[in-house]
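Values in this text are rule-based calculations from the coordinates and carry no lab data. The model shown is predicted, which means the values in this text are computed figures rather than measured ones. We place every Cβ from the backbone using ideal geometry, glycine too, and count neighbours over all the protein chains shown.
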Amino acid sequence: MKRLLILFLFFTMSSAVLYSQNTAKVFCSFQFEGHALTGVVLLPQGSDSTRIEWDGQDFILLLQKQKRYGFTAVKKGFDSMFFELTVEQDTSIRISLIPTGMELNQAVITGTMRESRKSESPVAIDVYGAKFFRSNPVASIFESMQLIQGVRPQLNCNICNTGDIHINGLEGPYTMILIDGMPAVSGLSSVYGLMGIPMSMVERIEVVKGPASTLYGSEAVGGLINVITKKQDGNKVGAEMMMSNWGDLNLDASLAKSNRRISTLLGLNYFRYLNPIDINRDGFTDMTLQHRISIFNSWSFKRKSNEEFTVAGRYVYEDRWGGDMRWKPEFRRGDSIYGESIYTQRFELFGKYQFHLNTPLSVQFSANTHSQNSVYGQTAFIASQQIGFAQLLWQPRFGQHALLAGLAYRISFFDDNTVVTQQGDSQTGFANRPEIMRLPGLFLQDEWQFNKKHVLLLGARIDHNSTHGWVVSPRLNYKWNLEEMHSTFRLG
């Protein structure tokens, strides 16, 4: 009996030693753009002998040496990825996941105002197409930003649920929102304007994280988000509807018509949530009630000389309120029941005229008017803002140099019922004095491509703010394509 026990222990220990000699430990982690990802589910494929452990930071895989293993990584908001492993020794690996619908090498225009492939741009740009938004359905662009790394939509009011978008930790005023390259959401509209951009009109969104003020002005110090609208291609009709058990309804509808010379796109967004809910039982609404309609229409005209003129307009009306569950419109600006009620109207017009194809000259323009009638308890804030913008672009090429020169002019008018737009004192009397800001600017940029591996981007912009004086914004970007390592190094 004693001999049998010794033999059993001998074979057991021998098997353990042989198993440990024939296995390797793999530390596996997942990331996106250098940031570690959590919440990833790792599924083994075709093997029942795989051991997967988690140490709080990495997956630990115990694999037999020289044997091929397959795994699938799954995370919400990202494409599933299948990969295979064959190892000889203990090792560590990092695997990058791609957000669902993120375009890897699509043509982009935001970083340099010149269309180029994403991989060739000296400025790092994230591109999110229609597939991304279909797989993560939301009612507005503001909500869709929460799935993008480095971009954080922040709610600044728990009752009226208004907010702004932060890029790389900088506050909302440093993030610029563009529609087809034209400044559309800024100033007074930065709080409410994002809610009214319907997803039905979006073809893709380009995000630049980091300073882009040389081309787009001082509001783009933190970064910018450029909403590219759908192109009018063929005759199409589309409609999407989304509802939840909270009673909110979001409807998107679109109609596209085109021929050889003229094309148009009509989009409609309707959002309705009028069901007060108080789950935490504090007597206040958990989500702001909203009633919003947004209409978008764009036209494109082409001539035989290859000239093209594009113009688009958008109208938004919104009524939102939050506060005491007993609040009704008749209590607006009263002192009996607290509520926050905001009426918003907004109209936008923007367009572009491209001269003859052989002439690298174009004109862009935009104009918008935004009015807000808001009441916070007994305090009223009535404000209006109008912004006009125009710029002339010249984009010639000389050998290895792609130049960009531009003249821009922006004028804004702001008026409200606060002391910001008042002058005088209690003795002489107060008078209303709307704020008018003029901002002419000049910018120049040179994209110098030494060869296929090296690109240097130099630029500078100078603006004169009628209130703050001269503002100078320099720019330097460098891209090094490491083909042998299948990597790209960018410095800005």
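Computed quantities for the displayed model
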read-out	value
Contact order normalised by residue count of the range 341-406, Cα under 8 Å, 6+ apart, percent	29
Rg and Dmax of the range 277-408, Cα atoms only, in Å	23.2, 72
Highest to lowest packing among 37-44, 318-325, scored as the average C-beta count within 10 Å	318-325, 37-44
Net dipole in debye of the range 358-492 [+1 Lys, Arg Cβ; -1 Asp, Glu Cβ; about Cα centre; nearest 20]	460
Relative contact order (percent, whole number), the range 310-433, Cα cutoff 8 Å, 6+ residue spacing	19
Exceeding the 21 Å Cα-Cα cut-off - candidates LYS231/LYS452; LYS75/LYS230; LYS209/LYS479; LYS75/LYS209	LYS231/LYS452; LYS75/LYS230; LYS75/LYS209
Rel. contact order, % - alpha carbon contacts under 8 angstrom, at least six apart, the range 370-492	16
Neighbour net charge for MET287 - beta-carbon separation under 11 angstrom, K R +1, D E -1	-2
Radius of gyration and Dmax over the Cα atoms of the range 217-365, both given in Å	21.4, 67
Over the range 272-341, volume per residue of the alpha carbon convex hull, in Å³	108
Chymotrypsin sites (Phe, Trp or Tyr not before Pro) restricted to DSSP loop in the range 214-296 with at most 12 other C-beta within 10 Å	TRP246
